[in-house]
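Novice: Before anything else, here's the structure in question.
The values are calculated or read from the model by the stated rules, or taken from the named source; none is laboratory data. Note that this is a predicted model, so its numbers are computed, not measured. With ligands, DNA and RNA removed, areas are computed over all heavy atoms of the protein, side chains included. Shrake-Rupley method; radii C 1.70, N 1.55, O 1.52, S 1.80 Å.
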Amino acid sequence: MKKTLITLLAAIGLALGANAHASDSKLPVLTLAGPAAAVSFPLVRMAESGELADLAERVEFVVWRDPDQLRVLALEGKPRIMAMPSNVAANLHNRGAKLKLLNVSTWGILWLVSRSPDLQTLADLKGEEIAMPFRADMPDIVFHTVAEKQGLDPRKDFNLRYVGTPMDAMQLLIARQVNHALLAEPAVSMALRRTK
């Protein structure tokens, strides 16, 4: 975490410009934004710790709930630093949004969590219902890509139950309304802890 913080602090300084460290050029408010996921932990830490006090009078962290809200925030440009899926950043940049990639800080935070201990492969889930957040966006895109690489058709081989957020998928799993869910941290750890 410390290495990530140092890397992000350096990147934020570069993104805000060389004069950002001068006390007379402090921003009144520096807004950081990210999802309710592990990728946001360094940003939350920076906002709460005072690490960015030389850049702004006040530093705040804003949670974006879904990719649509993220796109609005990015296009409005209010958050100066945002954590987002790399595909969303690329799409926004290609559409003219003024974005600059500072860091790819997290890999491997998506997990397919199941109540069935006997599952070994994705093919073992054929015909099963899977809670899936963010239809046609991350992580749905990743699921489709992995399934297709394994010779599966996500539209025919699985019953994907689309939900608004990873936390919604986690709640369905905990409430036993689904047996499988594609989740991102920290929803994975929360589901495992609550269900023991």
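Novice: Please tell me the relative contact order of the chain in percent, rounded to the nearest whole number, where contacts are Cα pairs under 8 Å and at least six residues apart.
Specialist: Dividing the mean separation by the residue count of the chain yields 20 percent.
Novice: Using the Cα gyration tensor of the stretch 31-112, with a ≥ b ≥ c the square roots of its eigenvalues, what is the shape: rounded (a/c below 1.5), prolate (a/b larger than b/c) or oblate (neither)?
Specialist: oblate
Novice: Where in the chain are the DSSP H helices whose C-alpha atoms run 18 Å or more along the long axis and whose mean Kyte hydropathy is at least -1.0?
Specialist: Correct list, ordered by number: 2-16.
Novice: Ordering Phe41, Phe61, Phe134 from largest to smallest accessible area (1.4 angstrom probe), what's the sequence?
Specialist: Phe41, Phe61, Phe134
Novice: Please report, as a whole percent, how much of the solvent-accessible surface of the chain comes from carbon and sulfur atoms (probe radius 1.4 Å).
Specialist: Of all accessible area on the chain, carbon and sulfur atoms account for 52 percent.
Novice: Now for a different question. Val29 accessible area, nearest 10 Å², 1.4 Å probe?
Specialist: Counting only protein heavy atoms, Val29 exposes about 50 Å² to solvent.
Novice: Would you calculate, for the chain, the mean residue ellipticity at 222 nm contributed by helices, counting each DSSP H stretch of 4 or more residues as -39,500 (n - 2.57) and dividing by all residues, to the nearest 500?
Specialist: Calculated at 222 nm, the ellipticity per residue is -11000 deg cm²/dmol.
Novice: Tell me the Kirkwood hydrodynamic radius of the stretch 88-196 in angstroms, computed as one over the mean inverse distance between distinct C-alpha pairs.
Specialist: 14.9
Novice: Pairs on different chains or at least eight residues apart, Cα atoms closer than 18 Å: how many lysine pairs in the chain fit?
Specialist: The result is 5.
Novice: Per q in 0.09, 0.19 Å⁻¹, report the Debye log10 I(q)/I(0) for the chain, using one uniform scatterer on each alpha carbon and no solvent.
Specialist: Each listed q maps to, in turn, -0.40, -1.28.
Novice: Alpha carbons only, please: Rg and Dmax for the stretch 24-79, in angstrom.
Specialist: Calculated on Cα positions, Rg and Dmax stand at 11.8, 36 Å.
Novice: Nearest 5 is fine: what % of DSSP beta bridges in the chain come out antiparallel, could you say?
Specialist: 25
Novice: Now for a different question. Just to confirm, what accessible area per residue do you get for the chain at 1.4 Å probe, in whole Å²?
Specialist: Value returned for the chain: 58 Å² of accessible area per residue.
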